[in-house]
Amino acid sequence: MDPRRILVVANQTACGDELLDIVRQRMEDGPCRFTLLVPATPPREHVTWTEGDARSLAKRRMVEAVDRLRGIGAEVESVIGDASPLQAVDDVLLHGAQDEIILSTLPVGMSRWLKLDLPHRIEQRFAIPVTTLISQRQPTP
């Protein structure tokens, strides 16, 4: 049986315990491989930023998240994506099909992704099941 391919899209919530929990659940359901996509979105707290700043922050989060995911036994590869999460998902899917997308985002009121209706836009555009994980905790810097 081929492992399920699961694309995990996260930025500020990439290192959260809630994301680890859902990855554990998927692993308990059967063999799976994960691709962690961290879009290089601009930091909200900075008035001025460069693309390099956004990519550097995304890389730091990605490295920490990959370490945590591998620490629970997940087979994971990772990529830093475009600043637009929708474009970033599109870019990853050009390199291979996925069976599910897990979108991990900040709480309602803090999440730009929810304001943009990103979960529904991804599901409609790619016709792949999307699980939206809305964090209840504060983001990591």
Taking the chain as the reference, fit the longest principal axis to its C-alpha atoms, fit the long axis of helix 17-29 to the helix C-alpha atoms, and give the angle between the two in degrees, 0 to 90, nearest 10. 20 degrees
Select from D21, D67, D29 the residue whose mean-square fluctuation is largest in a Gaussian network model of the chain (Cα-Cα springs shorter than 10 Å). D29
Projected onto the charge dipole of the chain (unit charges on the beta-carbon of Lys, Arg, Asp and Glu, signs +1, +1, -1, -1), the Cα from Q124, L114, G30 with the largest positive-side position is that of L114
How would you order 6-13, 122-129, 102-109 from highest to lowest mean count of nearby Cβ atoms within 10 Å? 6-13, 102-109, 122-129
Could you work out which residue, out of R68, R33, R60, moves most in a Gaussian network model of the chain, that is, has the largest mean-square fluctuation with Cα springs under 10 Å? R60
Out of L94, L69, L36, any idea which swings most in a Gaussian network model of the chain, alpha carbons joined below 10 Å? L94
Using the scaling law 2.2 N^0.38 Å as the reference, what is the normalised Cα Rg of the chain? 0.98
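Since every read-out is calculated from the coordinates, none of them should be taken as a lab result. Note that the coordinates shown come from a computational prediction; the quantities given were computed from them, not determined experimentally. Positions of Cβ are backbone-derived with ideal geometry, glycine not excepted, and every protein chain shown enters the neighbour counts.
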